[in-house]
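Okay, structure first, notes after.
The values are calculated or read from the model by the stated rules, or taken from the named source; none is laboratory data. As the structure is a computational prediction, the values presented were derived from the model and not from experiment. With ideal geometry, Cβ positions are generated from the backbone for all residues, glycine too; neighbour counts draw on all protein chains shown.
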Amino acid sequence: MILQKLQWKHVKIIVALITGLWLAFVIGGTVCRYLLNWSSTFDFGIFSQMYYYMKETFLPMTTCERDGLLSHFAVHMSPAYYLFLPIYWLFPSQITLFVIQAGVIAAGVIPCYLIAKEKGLPPYAVLGFCSIYCMYPALIGGAFYDFHENAMLPFFILWSLYFMQRKKFGAMYVFLIATALVKEDAPVYVACIGLFLFFHEREYKHGLISFFGALLYFVCVLSWMKNHGNGVMIGRYDNIMPNEELGLISIFQVILVNPVYLILEMFNMEEKIIFFFQMILPLLFLPFMTKNIWRFILMIPFILWNMIPDYQYQHSIYFQYIFGSSAMLFYLAILNYKDLSGWCLKQKIWKIRKAAPFLLICAMAVTLIFNLETVSQKSSYIRRYINQKEEVRVVNAVLDEIPQEASVQASTFYVPRLSMRDVIYRIDGDELGQFETDYVVIDLRDGVEEDPIHQIAVFEKAGYQKIEYIEDKIAVLEKT
């Protein structure tokens, strides 16, 4: 009865409060992680230096990504980064990047709200899906892996799907283009939406335009990166790429010739099985609850990017590869929930219709339970920063004393703090002394560098002099 009395104004207020709490937690946690110097070169140091170069030269250059000055687009084609450059230009700081990322992920709740409302779901159901979006463990886990372009995907994809169902195709194309510009593999999401348009929505013209437009862009990007960049990272698909000469084309060969092998690869590791339930159980298997086979087209990115590869980070809720898949799963959950509470009535299975609110409550409960572990784990950064605030202040003061115009090589967790400069490299324990820089910064914290004392000795022998030393924290050496 309480659920039935819920009004739209109440839903908006509650959703705004939940989203605000999400933003406060994620921004606070990620900023504390950075201030504690636990953000690493890969990937935050890279993107921090890239935005520094974009502000100064409008070019996405880095030196710490591949041990030399090059464009980040030679490694990953991500023009969508320029969308946030005006904000960074106004507030040039590493913390700005964390605020931007948290904001763009949280903003995905707006199209989520509109999609559910457009589908005719009652206020309590709309509130339920928005709450699940904010509590979804994968979105929180992914947000804490510093800063990454994939975090834009839920926002762009959900808006694309919203305008698709409203049949406002001009706006849909704007967000589909934005999706494709996120990364070189993002056109796959656009292609899947194009196939969904064609087969499910029966919008043949727009389906064909979206699919072949995405395919053309995908081919052009791959060609450019092969000829002018460092090539596409396809090594993580070795388990489903039998012919290296054919490259990505051989993956489709496996899909057509041996689909059973792909199914076996999806669940060939314990980590993948755990990941599958972490992604699907919070949605109570709603993405699978349909008799319409064409809806499973939107499941392709989840299977292709997350379930099939053996690359460990792609089937983890704590890295960036889950953002696009999560958006697709959410849309399917809303779509199928609408049918579950609708077509069952036509078949006079009234009990299932009445059970629909209970199903949503169960999904929220499961999401909350799964989320407790993630929140507990990530909130440790806030607690640690509060407890170690004075130690952190001392270490960061040492780092801030290094002149911005100086060239630096540093241990991986100190690179982000020092990244707003022209030249910075990550110290490679196996290749000490490969660079000659003005300063060297070595992390003395337990478990970071294999043998920091040996590293200090090597650099002193190479002509560096120790100018700062805080036991178990940091050592700074200057070239004499």
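What to note about this one:
- Boolean, Phe42 is in a helix (DSSP H, G or I), under 25 Å from Phe156 (Cα atoms), assigned by TED's automatic domain parsing to the domain that holds His228 and free of Cβ contacts under 8 Å to residues at least 60 places away in the same chain: no
- Test for Gly170: is it in the same structural domain as Tyr51 (by TED's automatic domain parsing), surrounded by fewer than 19 Cβ atoms within 10 Å (Cβ to Cβ) and of a type outside the set (D, E, K, R): yes
- All of (1) at pLDDT 95 or above; (2) within 26 Å of Cys362 (Cα to Cα) hold for Glu271 with one exception: (1).
- When restricted to residues that are surrounded by 16 or more Cβ atoms within 10 Å (Cβ to Cβ) and outside any helix (DSSP H, G or I), the range 291-310 contains 3.
- Of all residues in the range 426-443, those being crowded, with 19+ Cβ neighbours inside 10 Å and in contact with a helix residue (DSSP H, G or I) (Cβ under 9 Å, 6 or more places away or on another chain) number 7.
- Filtered residue count, the range 434-474, keeping only those that are in a strand (DSSP E or B), free of Cβ contacts under 8 Å to residues at least 40 places away in the same chain and more than 33 Å from the chain's Cα centre (by Cα): 5
- Residue that is surrounded by the most Cβ atoms within 10 Å (Cβ to Cβ), among those in the range 173-194 that are under 14 Å from Ala327 (Cα atoms) and among the aromatic types (Phe, Trp, Tyr): Tyr189
- Selection status of Val254, surrounded by 13 or more Cβ atoms within 10 Å (Cβ to Cβ), at pLDDT 80 or above and in contact with a Pro (Cβ under 8 Å, 6 or more places away or on another chain): no
- Scan of the range 74-110 for residues that are modelled with pLDDT under 95, within 18 Å of Phe44 (Cβ to Cβ) and of a type in the set (A, V, I, L, M, F, W, C), ordered by number: Val75
- Count of the range 120-144 residues, restricted to those that are of a type in the set (Phe, Trp, Tyr) and surrounded by fewer than 24 Cβ atoms within 10 Å (Cβ to Cβ), is 2.
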